[in-house]
1. For a test of the definition: using alpha carbon positions, the gyration tensor, and the 1.5 limit on a/c, classify the chain as rounded, prolate or oblate.
2. What figure in square angstrom, to the nearest 10, would you give for the accessible area of Ser10 with a 1.4 Å probe?
3. Counting only residues 5 or more places away or on other chains, whose amide H sits under 5 Å from the amide H of Gly68 once H atoms are built in the peptide plane?
4. Could you report the chain's accessible area per residue, 1.4 Å probe, as an integer in Å²?
5. Please give the length that would be gained between Val25 and Val3 if that part of the chain were fully extended, namely 0.36 nm times their separation in residues minus their C-alpha to C-alpha distance (nm, one decimal).
6. Evaluate the distance, in nm, between pseudo-label points positioned 7 Å from the Cα of Ala70 and of Arg84 along their respective Cα→Cβ axes.
7. Could you work out [θ]222 nm for the chain from helices alone, using -39500 (n - 2.57) per DSSP H run of at least four and dividing by all its residues? Round to the nearest 500 deg cm²/dmol.
8. With springs connecting C-alpha atoms under 10 Å apart, model the chain as a Gaussian network and identify which of Val39, Val47, Val72 has the largest mean-square fluctuation.
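The values are calculated or read from the model by the stated rules, or taken from the named source; none is laboratory data. Computed from a prediction, not measured in an experiment: that's the story for all the values here. Glycine gets a Cβ as well: all are built from the backbone with ideal geometry, and neighbour counts include every protein chain shown. To get the accessible areas, we keep the full protein, side chains included, count just its heavy atoms, and leave off ligands, DNA and RNA. Shrake-Rupley method; radii C 1.70, N 1.55, O 1.52, S 1.80 Å.
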Amino acid sequence: MRVTSDLWVSALLRRVQSAGGFAAVLRRGAAEAGAIFIVHRSRLGEVTLYAPAPQAAYGEEGTPPDRGFARVMGPADDETVRARLDKEMRFDPDLWVVEIETGRPEGEEFFPVRTL
């Protein structure tokens, strides 16, 4: 059984903050099953965007028990990431946007990342 988006985002915020990082919800989506996008900002201002991994990224596993993410952009500037998120919001108005700053080059240790 998959946890709700609301619960998953809350857990991500706690993981990042307990490790000394910053995390905030920029856009609250559907509590039960809204798609989650993660914006990782480095201390140098570089931005990387992670989106829900497509089903093809799971291969033979089928549907995994946890959410998976794929790096779709980055490092990029704020305007480019904002334009991509605006496009995604027009397609899916129920999505979540969470921004994290971990103090590390990658934020991938806090959520599962799949390669495409």
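1. The shape class here is rounded.
2. 50
3. The answer is Ala53.
4. Heavy-atom SASA per residue in the chain reads 58 Å².
5. 6.2 nm
6. 1.2
7. It lands at -8000 deg cm²/dmol.
8. Val72
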